[in-house]
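The values are calculated or read from the model by the stated rules, or taken from the named source; none is laboratory data. Small disclaimer: the values here were computed from a predicted structure and weren't measured. Every residue, glycine as well, gets a Cβ built from its backbone with ideal geometry; the counts of neighbours run over all protein chains shown. The accessibility values were calculated without ligands, DNA or RNA, using every heavy atom of the protein model including side chains. Shrake-Rupley method; radii C 1.70, N 1.55, O 1.52, S 1.80 Å.
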Amino acid sequence: MKIVKAIFCCSIFLLQLQVPAFAQAQLQNYDGRYEQKIDSLLAMMTIEEKIGQLVLYTSDIDVTGPTIREGYKEDIKKGNVGAIFNAYGAAYTRMLQKIVMEETRMKIPLLFGYDVIHGHKTIFPIPLGESASWDLAAIEKGARIAAIEASAEGLHWTFAPMVDIARDPRWGRIAEGSGEDTYLTTKIAVARVKGFQGDNLGELNTILACAKHFAGYGAALAGRDYNTVDMSDRVLREVYLPPFKAAVDAGVATFMTSFNEVHGVPASGSQYLLTDILKEAWGFDGFIVTDYTSINEMVPHGVVADNREATALAMQAGVDMDMQGGVYQEYLPALLKSGAVAEQQINDAARRVLRMKYMLGLFDDPYRYSSESREKELVMHADHLAAARDVAKKSIVLLKNENNTLPLKKNIRKLAVIGPLADNQKEIIGSWSAAGDFKKAVTVLEGIKAAVSPATKITYAKGANINDNLTDQIAQAVKTAEQADAVILVLGEEALMSGEASSRSSIDLPGVQQQLAQAVHRTGKPVIVVLMNGRPLTINWLDKNAPAIVETWFLGTQTGHAIADVLFGDYNPSGKLPVTFPQSVGQIPLFYNNKNTGRPRSDQKYTSKYLDISNEPLYPFGFGLSYTTFNYGKVAVSKPSYTMSENIMLELNVTNTGKVAGEEVVQLYIQDLVGSVTRPVKELKGFQKIFLAPGETKKVSFSLSADDLAFYTRDMEFKAEPGFFKVFVGTNSRDVQEAGFELVK
Ligand code: BGC
């Protein structure tokens, strides 16, 4: 009863949800050509066979949670399984497919899914890192290559992209998304969906994408994974939902529910999210899979008494496929008999799954993706490695570079490479590195050795482990540093300190690494810090003391080469932070698009601030330096006021005032000064990555429409309100040029 009420009170806003007026490019302009075939197929299937299409089990190659279904091969034989995850490889997937084709009555091909998150075997930077490139073409290419390799190994479906907004760096899964900003995440979501799915799902080198985790997962209280989420409907729609909506408009084939609750109802039981918003208001025609056992988890959530009730709730809510829970298989037949679930609901879910199998061409040839020859030819192809290196170097963010410490000269006499991540292969491919083999990854030490002149002497010391209290290796590191002209100090987290179930209450450098940095710093040698981490870290000491800091996240297979490209100036860094770096964990959540409050911080005591620390971040959103300097001219808005139907045009000149060529991400933010509800002090609304030769000036133009200025008003209508706006253009969210305009009715 309670649930029904909660759903009803949220549903009153439904009619006002933003629905575009034009037809969407959903499911790649699917014209309905398979619907008749699906009708005949459904007419021939027993209820158990239909339910089988709604069942997804893990295989035994890889597990990403508890394995609760050991006899999955028996289930496949009986036709009780429609999809398998964590199985890949041409031979292995063919073997599993054969079971269905040879032993089941209906011979409906299996769908193979896998977490191809940042590359399949050629591993690309972790998604948060890749987002720092702000290079949509490179990001799309990364997803394209992941799809090429995954599809050659028999995979049809990736559980990516993750498009969760994350404003809390304690949450380990911040590593898997595109950071804190809705606009940037939305653009990247579209790039990744396009990359995975290409233009035609029937091509052999495309796979189904999955927008996850729907919804609000990144807002887990206190940054603790799986924790409760409690937010207003306005924040949900304005901040957390737009990347999902954009994924639907880009034709994403599948959605995954999140583990958390939204408005008191776990996402896998939320009719509001799954049916009212996703399937009805947005017109999503793909299928919805749960996250791992998340139907069953509605029991401990406390909205149902047992798995049977959980199953009914999930089906009513609109879940099509049960990942690993086993409950659709177990309870749906009885629920159907009792009338708690209607056959029409099961038919609709099965239809959605079958539609995808048709679109992939599996009914023409169930083995078409499992190809040893393509696997051999394509996996880790030289072109893929080159693309991985390209986006890896673009993902690097230069955080500090006092007195042009970087780039180093390739003929430097003696270089010390120190730190627990300097000669480490295992960690550098990052968390969720799918089928990636860390033994193929290029370490920083290897990358540096490959880049320097033959005469350069490289020495190495580990200095410390990543995450323990032992200080016995520090002395040797100091000795190594003393004998060098400069030190590259590679510090950070283990790969699995971010990702799922990897929240941290402290986001300092783990273990004794800061102690190591301090000891090496005392030698007086120039120390260049290379950071590897899956989240923002609090690195105040390094920021104060190290002359140069390079944020590299986890860059994947080509890590060492990409880092060397930047350290020695073969590539001028252009990455910009997709997430704010706080000074202290006590400031969290800290994000750039906050509200002003009634008492904005000032020198007065009774204003919104801390006693012990400023409100400022250590590095703001959008921040990143270059080896050159850029001058921003005055922002010119084409006229002082615009009507709702006009485009707001603005332009400015950006000049490369330094000595080397470089790329700059020119960022556009707005502020709506007075709204019927309070508006953020800044909101990203556009960006352009431009290349400038030394001395070159380029005119950069932006155009904004009333839609770009729209928000959920006091009446929960999505629209722009007339009034005054500021526009800011700059090199990051803090350092900007300002102009303004008025929007009139
Ligand atoms: C994660 C999902 C993932 C799934 C399958 C879950 O634990 O939350 O993101 O896709 O496992 O591996």
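Once a ≥ b ≥ c are taken as the square roots of the eigenvalues of the Cα gyration tensor of segment 13-376, is the result rounded (a/c under 1.5), prolate (a/b larger than b/c) or oblate (a/b not larger than b/c)? Note, shape of segment 13-376 comes out rounded. Expected output is a single nm value to one decimal: the length gained when fully extending between ASP199 and PHE724, i.e. 0.36 nm times separation in residues minus the C-alpha distance. What is it? The span from ASP199 to PHE724 would gain 184.9 nm if fully extended.
Applying the Karplus relation 6.51 cos²θ - 1.76 cosθ + 1.60 with θ = phi - 60° to segment 87-92 yields 3J(HN,Hα) values of 10, 8, x, 4, 5, 5 Hz, where x marks Gly and Pro. For the Cα trace of segment 397-574, dividing Rg by the Kirkwood Rh returns an Rg/Rh value of 0.94.
Annotation for segment 544-591 versus segment 270-347: alpha-carbon center distance of 42 Å. Taking label positions 7 Å along the Cα-Cβ direction at both GLN483 and GLN515, the computed distance is 2.5 nm, reported to one decimal.
Computed from label points 7 Å out along Cα-Cβ, the spacing between ASN403 and ASP612 is 3.4 nm. Roughly to the nearest percent, how much of the accessible area of the chain is carbon and sulfur, given a 1.4 Å probe? The computed percentage sits at 50. Each residue of segment 675-745 gets 105 Å³ once the volume of the Cα convex hull is shared out per residue. On the beta carbon distance between ASP39 and ALA91, with R0 = 56 Å, the FRET formula returns roughly 0.95. Using the alpha-carbon positions of segment 187-305, Rg (one decimal) and Dmax (whole number) come out as 14.6, 45 Å. The distance from the alpha carbon centre of segment 681-745 to that of segment 151-205 is 25 Å, rounded to a whole number.
For the chain, what proportion of DSSP beta bridges, expressed in % and rounded to the nearest 5, is antiparallel? Within the chain, antiparallel bridges account for around 55 percent of the total.
Computed across the chain, the Kirkwood radius stands at 26.9 Å (inverse of mean 1/r, all Cα pairs). In terms of its C-alpha gyration tensor, segment 655-714 has a prolate overall shape, because the principal axis ratio a/c (a ≥ b ≥ c, square roots of the eigenvalues) is not below 1.5 and a/b outweighs b/c. Kindly express, to the nearest 10 degrees and within the range 0 to 90, the angle between helix 307-317's C-alpha long axis and the longest C-alpha principal axis of the chain. Roughly 80 degrees, rounded to the nearest 10. Taking every Cα-Cα distance in segment 148-248 and sorting them into 5 Å bins starting at zero, the pair-distance distribution P(r) comes out as 2, 14, 23, 21, 16, 11, 8, 4, 1 percent.
Annotation: LEU652 carries an accessible surface of approximately 10 Å², with a 1.4 Å probe and no ligand, DNA or RNA atoms counted.
The overall shape of segment 235-295 is oblate: from the C-alpha gyration tensor, with semi-axes ordered a ≥ b ≥ c, the ratio a/c is 1.5 or greater and a/b is no larger than b/c. With a Förster radius of 51 Å applied to the C-beta separation of ASP60 and LYS639, the computed FRET efficiency comes to 0.20. For the chain, the per residue solvent-accessible surface stands at 37 Å², with DNA, RNA and ligands left out and a 1.4 Å probe.
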